[in-house]
Amino acid sequence: MAKVISIANQKGGVGKTTTAINLSSSLAAAEKKTLLIDIDPQANSSSGLDISNHTPSVYEVLIGQKKMEDVIVNSYLSYLDVLPSNINLVGAEIEMVEMPYRESLLKSAIGSIKEKYEFIIIDCPPSLGLLTLNALSTSDSVLIPVQCEYFALEGLGQLLNTINIVRQHFNKELQIEGVLLTMFDTRLRLSHQVAEEVKKYFGEKVFSTVIHRNVRISEAPSFGKPVLLYDAISSGSKNYISLASELLIRNSK
Ligand SMILES: Nc1ncnc2c1ncn2[C@@H]1O[C@H](COP(=O)(O)OP(=O)(O)O)[C@@H](O)[C@H]1O
Ligand SMILES: [Mg+2]
């Protein structure tokens, strides 16, 4: 039975999509059968794995027109499948407002798919709207990327509040998988300060793996590849492989 992990933070540009693509690819490289669900209308996780403008998409799954197994596509990695997003999803949040059990549409759709994978990673949009609520209601845990930048902790209170609301109403079991420091720059004092502050606040929830700023990570999506296929020996590739191992070790206890 798959462990379902949402990558969430309502702030844009903190490394959610980068983490979704590269964590799921690293898990797949470790021969863990993985599904990446892209639930962001911007569809960056899909295009970053060379699956663009794909229809049907998660949109048809959410509104009940298609079954998940009929929409899932294979990636270049044999252990990684993708449930792609599409710009159509922009309208879904509005359509979903009218639907009964609107926070649990993804959870109902996921059904038996969970038996086919070891991990399901969900890339969330930069908001705490219905799409993110659907992701959190479906998940066993949430991984929170935090960019080592000014105002890193800003808005995290709101995210934790949303997690509590989801626990109360839709998903009692939702855990925090961990907090991931992203775009760390060893040379910048600010990066070290932010890391200290985040560790003070989240304690051992913070992953020991830190994702460093690395240009190969930002180049890879334009080639439709995860960084480990684009440049296997880059620091970005090593950091995400290390994150996957840490996650596997944490989950084997
Ligand atoms: N470790 C990193 N090193 C360099 N650039 C990064 C790194 N992580 C993310 N980026 C870049 O930062 C931008 C925002 O990242 P992204 O993963 O799309 O954030 P989000 O999904 O949270 O909006 C992208 O252009 C991405 O390529
Ligand atoms: Mg994104």
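The values are calculated or read from the model by the stated rules, or taken from the named source; none is laboratory data. Source: prediction; values computed, not measured. Note that we place each Cβ from the backbone using ideal geometry, even for glycine, and neighbour counts take in every protein chain shown.
Residue-wise test of (1) within 16 Å of ligand 2 (Cβ to nearest atom); (2) among the small types (Gly, Ala, Ser); (3) free of Cβ contacts under 8 Å to residues at least 12 places away in the same chain; (4) over 14 Å from ILE122 (Cβ atoms).
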site: LYS16; (1), (2), (3), (4): yes, no, no, no
site: ASN53; (1), (2), (3), (4): no, no, no, yes
site: LEU62; (1), (2), (3), (4): no, no, no, no
site: MET68; (1), (2), (3), (4): no, no, no, no
site: ILE72; (1), (2), (3), (4): no, no, no, no
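THR132 fulfils the conditions (1) more than 16 Å from LEU35 (Cα to Cα); (2) free of Cβ contacts under 8 Å to residues at least 60 places away in the same chain; (3) polar (S, T, N, Q) except for a single criterion, (2). Tallying residues that are out of contact with any Ser or Thr (no Cβ under 9 Å at 6 or more places or on another chain) and either over 19 Å from THR17 (Cβ atoms) or exposed (fewer than 14 other Cβ atoms within 10 Å of the Cβ) (or both) within segment 204-221 yields 3.
Taking segment 1-90 and the helices (runs of 4 or more DSSP H) fully enclosed by it, the elements with 1 or more residues that are charged (D, E, K, R) are at 16-29, 58-62. If you scan segment 48-93, which residues turn out to be on the phi < 0 side of the Ramachandran plot and among the polar types (S, T, N, Q)? Scanning segment 48-93 gives SER52, THR55, SER57, GLN65, ASN74, SER75, SER78, SER85, ASN86, ASN88.
One residue stands out in segment 209-253 among those that are closer than 18 Å to GLN175 by Cα and not aliphatic (A, V, I, L, M): the one that is farthest from the chain's Cα centre (by Cα), namely LYS253. The condition (being buried (at least 24 other Cβ atoms within 10 Å of the Cβ), away from ligand 2 (no atom under 12 Å from the Cβ) and at pLDDT 95 or above) is satisfied by just one residue among ALA28, ALA20, ALA92, ALA43: ALA28. Identify, please: which residue in segment 117-131 is within 16 Å of ligand 1 (Cβ to nearest atom), outside any helix (DSSP H, G or I) and hydrophobic (A, V, I, L, M, F, W, C) and is, among those, modelled with the lowest pLDDT? Among those residues, the one meeting the criterion is LEU128.
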